[in-house]
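Structure first, then comments.
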Amino acid sequence: MSSLHIQQVRKSYGSTDILKGIDIGIDDGEFLVLVGPSGCGKSTLLSMIAGLDTVTSGDILIGNQRVNDLHPSKRDIAMVFQSYALYPNMSVAENIAFGMEMRKVPKAEREKAIQDVAKLLQMQHLLDRRPSQLSGGQRQRVAMGRALVRHPQIFLFDEPLSNLDAKLRVDMRTEIKKLHQRLKATIVYVTHDQIEAMTLATKIAVMRNGELQQLGSPSEVYNKPANTFVASFIGSPSMNLIPGRLVPHGDGLALEIEHNTTEGLQIPLPPQPDSVTAYVGKEIIAGLRPEAIGNGNLQKHELTRQVQADLVVTEPTGPDTLAILKLGGFEVTARLEADATYPAGHRGLFTVDLTKLVMFDSQTEQRIA
Amino acid sequence: MMTIASSPRQTRAASFADWLEVRLPKLVLAPSVLITLVFVYGFIAWTSILSFTRSKTIPKMEWAGVLQYAKVLGHERWHVAVHNLMIFGVLYVLICMVLGLLIAILLDQRIRHEGTLRAIFLYPMALSFIVTGTAWKWILNPGLGLEKLAHDWGWSSFHFDWIINEQMAIYTIVIAGVWQASGFVMAMFLAGLRGIDQDVIKAASMDGASLPLIYWRIIIPQLKPVFVSALVILTHLAIKSYELVVALTGAGPGYATELPSTFMYAHTFTRNQLGMGAASAVMMLLTVAAIMVPYLYSEVRGPRTSSH
């Protein structure tokens, strides 16, 4: 197991910049998830770590070794591909052992390694089958087995769950997390699914258009998004981003939400740091997670406020009910208790929890608090 | 309600359109089905019948049992023809496959002008065998082809007269045949190579396999269906090849490049041995069928057994 450092890594094809200077560092045993919409460069970055793509400039370090010019097979890494990339003409056992065969590991040792991995992934009964005789989940297991048997410094996963059906995806996700806990392996994992990112990662790197938007723990990325892109990309339903203005209110500040068609709404804020008070009288974007807006399900405390809102529609999901509210003229999503029943058009008081309120500059869209 | 009220003429027109829609495919196909039935299967049957008669110049319905087969099998020229077919068939199929695969692998390395090169390699297949045979007859003719060229350039010891050499003439047919078909085989292999998942190659590369090893262990084994198709197509081309020999060597010198097909033609149409010609034709048909029938059977059955 080893640390990984990506320093000012760029990738260009001609005049097109795919990656525009990425800096990411993770420690030994961390689970890094690269997440972002398609075309953000996350898969290219993974290919570059794997050595399947060349680096235009910058350095990639595995442990203390610069690996830019090392052949993929010499980097001591193993990769699980989205398509699994099993060798179709070989049995499962041969698939797992192929890398060892290429490295001229003695046959007895190979047999033992195959048995160990098969036991770990509970697939002893599959060893003699061909990939074409396996289900999607079993192929996924074999692909992981082929990576595990190498005991590499770093595991690379390229959207490994995206070809599985929804139920299996959740099961395999748990298995991968268990595996990470047991092996204490360093893992780099690419996905476009923010739930996979949140559940698996110890560190999330959110990317967009070849730029790193934010690098942090799942809770940092979720609770303190660096900008509005991260705020809306992570979390489902996504964070409510409400345009508003900071106005003086008594000794402190208030958030004024005013849509030009309806009367405004003022929410008094707790004392704010200087970075925020500098914005008095200016436009900002307020970010509130749906679970920070509720009714009876939210504990009232000194940082909760009662606000008047119109209910537009409710969407029961089972564990809770999502509601679209009109708050100061803007539609926001709220998470209410499971058995909340309101008629459409209901007007009433809802609770807003300001502990999780984040604010962004309306021009740069960067977080100010 | 509107359709019921519509005029009888309209209904009739509509029903004719319906009738046409149902039967049009059958009507369109009928002539070719009929032609195939008569000229392929009808004549196969007719030839088979003739092979059991004493027919000589004209068909004669006199039962001869397997006499004609015995005569063909005892014939010196038939032995030469079968022996030649062995040499030609094995070399033609093998060299075409090896060369085709090699060119396909080289073309698959993401080179520039791949389209142009592919067309160049594939083009010989667009020529008729007669043109190929005639062209190669000139190229291989010692008096005006390669040998003369080498002599004119001053390499006077150069000697290449296979086409007039009884021992070597059959190999000139292999040369011309390979020239014509290897590009086609290349196209088949190239299509197969393009169908291979690039991730598998990346995975093998990360596993530490060198490029030749990746081809040998991972890629070529996946081309098995292409090998089978190429083998079947080339083998039946070899067995029925006729025009190439006629144009290139005329089955000569003497009858040194006789093939079963030229044997059949000679006995049927120039030597007044209709029965023997028919018997040799039936034997060729059975050989081709022995290869094609299992292949077609596996093609038809194949998808059902491999999918699950």
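Here is how the numbers come out for the structure above:
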read-out	value
A:Ser238 paired with A:His125, simple spin-label distance in nm, labels 7 Å along Cα-to-beta-carbon	4.4
Average beta carbon contacts from partner chains per residue of A:140-147, 10 Å cutoff	1
The protein assembly as shown - share of DSSP beta bridges that are antiparallel (%, nearest 5)	75
Area hidden from solvent between A and B (accessible, protein heavy atoms only, 1.4 Å, total, Å²)	1700
Low-density loop positions, GluC sites (Glu not before Pro), the stretch A:226-319 - DSSP coil, at most 14 other Cβ in 10 Å	A:Glu263, A:Glu302
Cβ-based charge dipole, chain B, positive-most Cα from B:Ala181, B:Phe160, B:Leu107	B:Ala181
Shielding by partners, peptide A:48-58 (average Cβ within 10 angstrom, other chains)	1
Residues with amide H under 5 Å from that of A:Ser217, placed H, sequence gap 5 or more	A:Ile204
Whole-percent carbon and sulfur share, accessible surface of chain A, 1.4 Å	48
Proximal aspartates and glutamates to A:Lys184, defined as alpha-carbon separation beneath 18 angstrom and excluding residues fewer than eight positions away on the same chain	A:Asp27, A:Asp28, A:Glu30, A:Asp76, A:Asp116, A:Glu175
Distance in nm between pseudo-label sites at A:Gln115 and A:Leu183 (7 Å out along the Cβ direction from Cα)	2.1
Point-charge dipole on Cβ atoms (K/R +1, D/E -1) for the stretch B:76-306, about Cα centre, debye to 20	500
Exposed-loop-free span, longest in chain A, where trypsin sites (Lys or Arg not before Pro) count as exposed if DSSP calls them loop and at most 13 other C-beta atoms lie within 10 Å	A:1-102
Per residue, in Å², the accessible surface of chain B once ligands and nucleic acids are set aside, probe 1.4 Å	58
Cα-based reach from A:Lys300 at 24 Å (exclusive), listing lysines while leaving out same-chain residues under 8 positions away	A:Lys224, A:Lys326, A:Lys356
Where Cα atoms sit under 28 Å apart: lysine pairs in the stretch B:134-248 separated by 8 or more or lying on different chains	4
Loop chymotrypsin sites (Phe, Trp or Tyr not before Pro), the stretch B:11-46, which have at most 12 other Cβ atoms in a 10 Å radius of their Cβ (DSSP)	none
Segment A:Lys107-A:Asp251, extension gain: residue separation times 0.36 nm, minus the distance between their alpha carbons	44.0 nm
Share, in percent, of DSSP beta bridges within chain A that are antiparallel, nearest 5	75
Selection from A:Gln213, A:Ile49, A:Ile257, by position along the positive dipole direction of chain A (Cβ)	A:Ile49
Averaged over A:85-96, number of beta-carbon atoms from partner chains that fall within 10 Å	4
For chain B: rounded, prolate or oblate by the Cα gyration tensor [a/c cutoff 1.5]	oblate
Test item: Cα-centred dipole of the stretch A:4-233, Lys/Arg +1 and Asp/Glu -1 on Cβ, debye	480
Net dipole in debye of the stretch A:68-201 [+1 Lys, Arg Cβ; -1 Asp, Glu Cβ; about Cα centre; nearest 20]	360
Set of aspartates and glutamates near A:Lys20 by C-alpha distance (under 17 Å), chain-local residues within fewer than 8 positions excluded	A:Asp53, A:Asp59, A:Glu211
FRET efficiency, B:Leu117 to A:Glu211 (Cβ-Cβ, R0 41 Å, nearest 0.05)	0.50
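The values are calculated or read from the model by the stated rules, or taken from the named source; none is laboratory data. The structure displayed is predicted, hence computed values, not measured ones. Don't worry about glycine lacking a Cβ; one is built from the backbone with ideal geometry, like all the others, and counts go over all protein chains shown. Just so you know, the surface numbers come from the protein's heavy atoms only, side chains and all, with ligands and any DNA or RNA stripped out. Shrake-Rupley method; radii C 1.70, N 1.55, O 1.52, S 1.80 Å.
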